[in-house]
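The values are calculated or read from the model by the stated rules, or taken from the named source; none is laboratory data. Since the model is a prediction, treat every value here as computed from it, not as a measurement. All Cβ positions, glycine included, derive from the backbone under ideal geometry; neighbour counts span all protein chains shown.
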Amino acid sequence: MSSPLSFEVRPAGRSDAQAIADIHSTVQKAAYKGLLPEAHFQSPTASRRLKYWQEAIEFSEPQVHVAIDEDRIVGFIGFDRSRDEGTPPTTGEIWAAYVLPSHWSTGAGLALWDAAREGLLEEGCTLVTVWLPLANERAMRFFELAGFKREMSTARTVPVGEVKIEEIRLKRPLS
């Protein structure tokens, strides 16, 4: 297993879309086991997920970076300006952050977060937010350790396929 300092992080290229879609699916299965039905992870959802990441990479919306360990993509992060209505243009958002379970707690997530933070600072952002399902305790812990604070007034219920999940927005300054 790699040390926390050995991950290469780079912008995603077109050829990375399938690996990103696969990681997205794998991590969702691990993180949301018992919360989302198995059908959520099957086709055509898988093909829609691939198309989404192909377009995201092509149009940089969101910007996508990947973490590499020994020539293999082990995680990715998508970030850009906040999609939340009424937020100032200086507010960024982590749109997605996924690391393979085999690389949890290895520093890959931190390397990806560092790259996103640098990218958002370059874009002139001063704050960053992330929406997380309350039931995803691992992600909550990661972002809270990275300095994010829960915005309790933002709690909401959102449909994910045939089920509804509770999520909340977390926020932190970028400086």
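Within segment 100-122, identify whether any single residue is assigned to a strand (DSSP E or B), in contact (Cβ under 8 Å) with a residue 40 or more places away in the chain and of a type in the set (A, V, I, L, M), and answer yes or no.
For segment 100-122, residues assigned to a strand (DSSP E or B), in contact (Cβ under 8 Å) with a residue 40 or more places away in the chain and of a type in the set (A, V, I, L, M): absent.
Every residue in segment 66-86 that is among the aliphatic types (A, V, I, L, M), closer than 19 Å to residue 118 by Cα and surrounded by fewer than 23 Cβ atoms within 10 Å (Cβ to Cβ), please.
Listed by number, the list holds a single entry, 68.
Identify all residues within segment 123-147 that are outside any helix (DSSP H, G or I) and within 18 Å of residue 166 (Cα to Cα); write none if there are none.
129, 130, 131, 132, 133, 134, 135, 136
Return only the number of the condition from (1) in contact with a Phe, Trp or Tyr (Cβ under 7 Å, 6 or more places away or on another chain); (2) under 20 Å from residue 165 (Cβ atoms) that residue 111 does not satisfy.
(2)
For segment 111-131, give me each residue that is surrounded by fewer than 19 Cβ atoms within 10 Å (Cβ to Cβ) and either modelled with pLDDT under 95 or polar (S, T, N, Q) (or both).
126, the sole residue that qualifies.
Could we say that residue 89 is loosely packed, with under 14 Cβ neighbours inside 10 Å and either modelled with pLDDT of 95 or more or not aliphatic (A, V, I, L, M) (or both) here?
Criteria met by residue 89.
Output the residues belonging to segment 26-38 that are surrounded by fewer than 18 Cβ atoms within 10 Å (Cβ to Cβ), of a type outside the set (Lys, Arg) and touching a helix residue (DSSP H, G or I) at 6+ places or on another chain (Cβ under 8 Å).
Across segment 26-38, the qualifying residues are 26, 30.
Is there any pair with a first residue in segment 4-23 that is surrounded by 13 or more Cβ atoms within 10 Å (Cβ to Cβ) and a second that is among the aromatic types (Phe, Trp, Tyr) whose Cβ atoms are under 7 Å apart and which are 6 or more apart or on different chains, and what are they?
Close Cβ pairs (under 7 Å, with a partner that is among the aromatic types (Phe, Trp, Tyr)) amount to 12/76; 17/53; 20/53; 20/76; 21/53; 23/76; 23/98.
Count, please, the residues in segment 146-165 that happen to be closer than 14 Å to residue 132 by Cβ, at pLDDT 95 or above and within 18 Å of the chain's Cα centre (by Cα).
4
For segment 77-91, enumerate the residues that are over 13 Å from the mean Cα position of the chain (by Cα) and assigned to a strand (DSSP E or B).
Listed by number, the residues that qualify are 81, 91.
Looking for something within 23 Å of residue 32 (Cβ to Cβ), of a type outside the set (A, V, I, L, M, F, W, C) and surrounded by fewer than 18 Cβ atoms within 10 Å (Cβ to Cβ) - is there at least one such residue anywhere in segment 102-109?
Checking segment 102-109: at least one residue is within 23 Å of residue 32 (Cβ to Cβ), of a type outside the set (A, V, I, L, M, F, W, C) and surrounded by fewer than 18 Cβ atoms within 10 Å (Cβ to Cβ).
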